[in-house]
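Let me begin by presenting the structure, written as structure tokens, before commenting on it.
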Amino acid sequence: MAQFPEIKDPKRRTYAGMVYAVDRGVGRLVQALKETGALDQTLIVFFSDNGGKLGLGANNFPLREGKGSAFEGGTRVPMFFHWPGQVPAGRTFQYPVSALDLYPTFANLAGAAIPEGKTLDGLDLWKDFLEGRNPRADSLLFVTRHRNGYHDVSARLGGWKICRVSNQPWKLFNLEQDISEKLDLSTRHPDRVKS
């Protein structure tokens with residue numbers, strides 16, 4: 001926290017300090033990989049499991065809400081892959097990825113077989129990632145947050161997302177045009193909501 005004396009809000013300063021500490025730790029891991037000559041043989045994957053907690057100094061703007069939410073601010077986070085010679089430098093992948101995709105992706109990269117008959121919710125996304133293709137072009141990606149007596153849920157297909165929170169009616173958003181999920185399109189597209 002001492003690194004950020006200009007940040008007056010103590011919660012935001014603590015948040016910045018925590019991010020700084022993570023960055024410093026990742027830097028130490030990278031340095032150790034360099035020193036041992038293992039950096040070029042190592043895939044580094046970095047991401048968060050959820051959006052930042054608004055009450056503790058996070059800011060997810062322009063996304064709606066934060067940690068624990070079925071809206072984008074609770075689920076959409078930055079993620080990167082680093083693997084010299086394998087991951088193209090500077091490439092941006094715009095499609096949704098789930099933490100559940102890491103197991104089948106890593107198994108494929110390691111040449112490991114998934115046990116026969118094992119059902120996975122995640123996808124091996126490596127080839128789609130390299131080719132810049134949506135690995136879920138025809139399948140839904142779900143988010144569920146358990147509450148007391150109900151569930152906040154969302155499902156995404158391409159740029160469309162349906163969301164139901166606090167037992168309110170379903171809302172429909174076009175994330176390609178409205179990343180902040182401000183414009184509910186459910187009444188304009190009732191068939192999409194129903195499907």
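Here the chain is assigned +1 on the Cβ of each Lys and Arg and -1 on the Cβ of each Asp and Glu. Its dipole about the Cα centre then comes out at about 660 debye.
Dividing the summed helix terms, -39500 (n - 2.57) for each DSSP H run of n ≥ 4, by the number of residues in the chain produces a 222 nm estimate of -7500 deg cm²/dmol to the nearest 500. Over region 27-150, accessible surface divided per residue gives 65 Å², non-protein components excluded, 1.4 Å probe.
Remark: spin-label model distance residue 177-residue 61 equals 2.5 nm, labels positioned 7 Å along the Cα→Cβ axis.
The residue among 105, 92, 58 whose Cα reaches farthest toward the positive pole of the charge dipole of region 43-118, with charges on the beta-carbon of Lys, Arg, Asp and Glu, is 58. For region 82-123, the residues whose amide N sits under 13 Å from a probe point set 7 Å from the Cα of residue 46 along the beta carbon direction are 82-83. Only alpha carbons enter this Debye calculation for region 110-195, each as an equal point scatterer, and the log10 of I(q)/I(0) it gives at q = 0.12, 0.17, 0.23, 0.25 Å⁻¹ is -0.50, -0.85, -1.16, -1.26.
Spatially, region 18-55 and region 120-175 are offset by 27 Å when compared through their Cα centroids. Computed from the C-beta positions of residue 157 and residue 53 and an R0 of 35 Å, the FRET efficiency is 0.80 to the nearest 0.05.
So for the chain, what percent of the C-alpha to C-alpha distances run longer than 32 Å? Beyond 32 Å sits 28 percent of the P(r) for the chain. Dipole check for region 1-52: with +1 at the C-beta of Lys and Arg, -1 at the C-beta of Asp and Glu, and the Cα centre as origin, the magnitude is about 260 Debye. Given R0 = 30 Å, the distance between the Cβ atoms of residue 110 and residue 22 translates into a calculated FRET efficiency of 0.70.
The values are calculated or read from the model by the stated rules, or taken from the named source; none is laboratory data. What you see is a predicted model; the values in this text were computed from it and never measured. FYI the Cβ positions are ideal-geometry reconstructions off the backbone, even for glycines, and counts take in every protein chain you see. To get the accessible areas, we keep the full protein, side chains included, count just its heavy atoms, and leave off ligands, DNA and RNA. Shrake-Rupley method; radii C 1.70, N 1.55, O 1.52, S 1.80 Å.
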